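The values are calculated or read from the model by the stated rules, or taken from the named source; none is laboratory data. Source: prediction; values computed, not measured. With ideal geometry, Cβ positions are generated from the backbone for all residues, glycine too; neighbour counts draw on all protein chains shown.
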Amino acid sequence: MLEFEARCSFMERLDPRAKLLMACLFSIGAIMAHSWLQLLLLLLCLLFVWRLSRLSFRRHRFLVGALLICALVAILTQSVFYGTFFGGEPKTIFFEFTAKDTPVVGRLAVTLDGIKYGCIIALRFWGLLLAAALLPLTTHPADLMLSLVKIKIPFFVVVIFTLGFRFIPLIQKNLAQLIDAQRLRGISPWSPRGIAASLNALLGSTLRTADELALSLETRAFSATGERTFYRRLSFSSSDMAALLVSVSAVILILLLV
Amino acid sequence: MQIRKELAPSVRQIAQIGLFFAALLAVQFSIVPFTGAVWVFFIVDWFYSGATVALTILCGRVTKYPYAVLILAVCSGLLGIFYMSYGGPVMPLYGFLPPFMIQVVFLLSHTDGESLKANLLSGALYGLVAGCIFFFMVTGVVKMEIPVWLMWLRILNVTVTSVFGGFLGWKIGDKLAKRSYHA
């Protein structure tokens, strides 16, 4: 979904911790921005960073799909629910489903103010999602794990985290095979009996894989004591600091001056 | 950070927890194409929160490690850090707190998934906390307007489906626990 591909870009050379801070900064900027202009400028900054990372929306169609779905959900829901939580009276009502004095539900109506507010929420969604996608798309998985070790997460937790991503395709493949096997036996895979049977069989095969994996880890001296060293190294350099300073300045300027 | 030797899991337990985490990720990523539908059809919750709670409880039951669910909670929190998504910096909390509630119930009840009452309670707490944090993110972070009645309806739905997940975890747990010891 959000897989790293090496592109020899400036962003790839940055320390993952610096990229994480940048992603946080842009996310906080998207949260604090309250006008469409601020959100648009923030999005332009993020698109510039994407350009620096040599990322292409054509290659990440899944992400583009997610952005479009979020925008659609935002506009559709806010066009009907505008004014129901933060208050505010919509000025232009296109169509009213329920009147204002309807018990419990209150007014549900398609309004122009709701559609405009939905567009602002869509921009905020895009800012949050694009900022969040920066780190996994521009960082080698080994560097991501090493950054966890650097922030003093116990090594076995880092291993569990890595194993999770490594074995997703295997579990998905096993599940697909089990569903086919259920269908061949005439059991609907989405019935309660089918789901329970699939889950049971899937977990059984997963536990067998876990035993083989444990043996594999033991043969590689995983449980050996002593200081663990790593082939890759991470270091916070002047380019990381410069990137962070530029990001902070950009976000503060957009929030304060616009 | 060094963990005391008696608290550290064995290699087999690490492998089992890793694969349960993989199964949780498979469930979470499979639901991503349907996230838009969650506002209209609450049936997505039956699959998502029900399966997630069942897998989390099964992890504690099968591995027999008292802090297995806590490790899953930490890994889910780390996932929220690296894949922040629409929650921004609050996303790690959404990943960590709900499974942490299951761990708290297990620690206080001195069980690890074999008690039906503890499983149902932990499922209910999981759903309640997950629902509340989700709507905090949606209204506080993204600043969407959602009617209060719809929020409570959705939180109730997630809580009920999570309780179902707790029941499922209890039902399947016994069979798997026997299988893991006889393997």
Counting only residues in region B:130-168 that are more than 10 Å from every other protein chain (Cβ to nearest Cβ) and small (Gly, Ala, Ser), the one nearest to residue B:60 (Cα to Cα) is identified as B:166
> Does any residue of region A:91-104 turn out to be over 29 Å from residue A:20 (Cα atoms), more than 22 Å from the chain's Cα centre (by Cα) and at the interface with chain B (Cβ under 8 Å from one of its Cβ atoms)?
Replying inline: yes
Taking region A:187-203 and keeping residues facing another protein chain (nearest Cβ under 8 Å) and surrounded by fewer than 17 Cβ atoms within 10 Å (Cβ to Cβ) leaves A:196, A:200
The residue from A:152, A:116 that alone is among the basic types (Lys, Arg), free of Cβ contacts under 8 Å to residues at least 24 places away in the same chain, out of contact with any strand residue (DSSP E or B) (no Cβ under 7 Å at 6 or more places or on another chain) and over 30 Å from residue A:61 (Cα atoms) is A:152
Exercise. Answer yes or no as to whether residue A:42 is more than 11 Å from chain B (Cβ to nearest Cβ), touching a residue at least 60 places away in the same chain (Cβ under 8 Å), part of a loop (DSSP other than H, G, I, E, B) and out of contact with any strand residue (DSSP E or B) (no Cβ under 6 Å at 6 or more places or on another chain).
Key: no
Picked from region A:218-240 (must be assigned to a helix (DSSP H, G or I) and touching a residue at least 24 places away in the same chain (Cβ under 8 Å)), the residue nearest to residue A:183 (Cα to Cα) is A:240
Only unsatisfied item for residue A:246, checking (1) within 30 Å of residue B:30 (Cα to Cα); (2) modelled with pLDDT of 80 or more; (3) aliphatic (A, V, I, L, M), is (1)
Picked from region A:134-160 (must be within 16 Å of the chain's Cα centre (by Cα) and either of a type in the set (Asp, Glu) or facing chain B (nearest Cβ under 8 Å) (or both)), the residue nearest to residue A:217 (Cα to Cα) is A:144
Region B:69-183: helices (runs of 4 or more DSSP H) wholly inside it with 3 or more residues that are at pLDDT 95 or above and surrounded by 17 or more Cβ atoms within 10 Å (Cβ to Cβ) are B:91-109, B:116-136
Of A:239, A:223, the only residue that is on the phi < 0 side of the Ramachandran plot and over 28 Å from the mean Cα position of the chain (by Cα) is A:223
Expected single match for β-branched (Val, Ile, Thr) and farther than 26 Å from residue A:209 by Cα among A:162, A:139 is A:139
Worksheet item: Does residue B:96 satisfy the criteria of being farther than 12 Å from residue B:166 by Cβ and free of Cβ contacts under 8 Å to residues at least 40 places away in the same chain?
Response: yes
Restricting attention to region A:166-181, the residues that are more than 7 Å from every other protein chain (Cβ to nearest Cβ), surrounded by fewer than 18 Cβ atoms within 10 Å (Cβ to Cβ) and within 18 Å of residue A:210 (Cα to Cα) number exactly 4
Among (1) surrounded by 14 or more Cβ atoms within 10 Å (Cβ to Cβ); (2) over 27 Å from the mean Cα position of the chain (by Cα); (3) more than 16 Å from residue B:51 (Cα to Cα); (4) more than 9 Å from chain B (Cβ to nearest Cβ), residue A:184 falls short only on (1)
Within region A:47-84, the residues that are farther than 30 Å from residue A:110 by Cα and of a type in the set (Gly, Ala, Ser) are A:53, A:56
Among the residues of region B:19-31, the number that are at the interface with another protein chain (Cβ under 7 Å from one of its Cβ atoms), farther than 18 Å from residue A:200 by Cα and not aromatic (Phe, Trp, Tyr) is 0
Output for Cβ contacts, cut-off 6 Å, separation at least six or different chains, first residue touching a residue at least 60 places away in the same chain (Cβ under 8 Å) in region B:134-163, second among the acidic types (Asp, Glu), reads B:157/B:45; B:158/B:45; B:161/B:45
**Request:** Answer yes or no: is there a residue in region B:54-67 that is within 24 Å of residue B:84 (Cα to Cα), more than 9 Å from every other protein chain (Cβ to nearest Cβ), under 16 Å from the mean Cα position of the chain (by Cα) and at pLDDT 85 or above.
**Result:** yes
| field | Filter result for residue A:110 (of a type outside the set (Asp, Glu), touching a helix residue (DSSP H, G or I) at 6+ places or on another chain (Cβ under 7 Å), within 8 Å of chain B (Cβ to nearest Cβ) and not in a helix (DSSP H, G or I)) | value | no
(1) more than 17 Å from the chain's Cα centre (by Cα); (2) assigned to a helix (DSSP H, G or I); (3) modelled with pLDDT of 85 or more all hold for residue B:9 apart from (2)
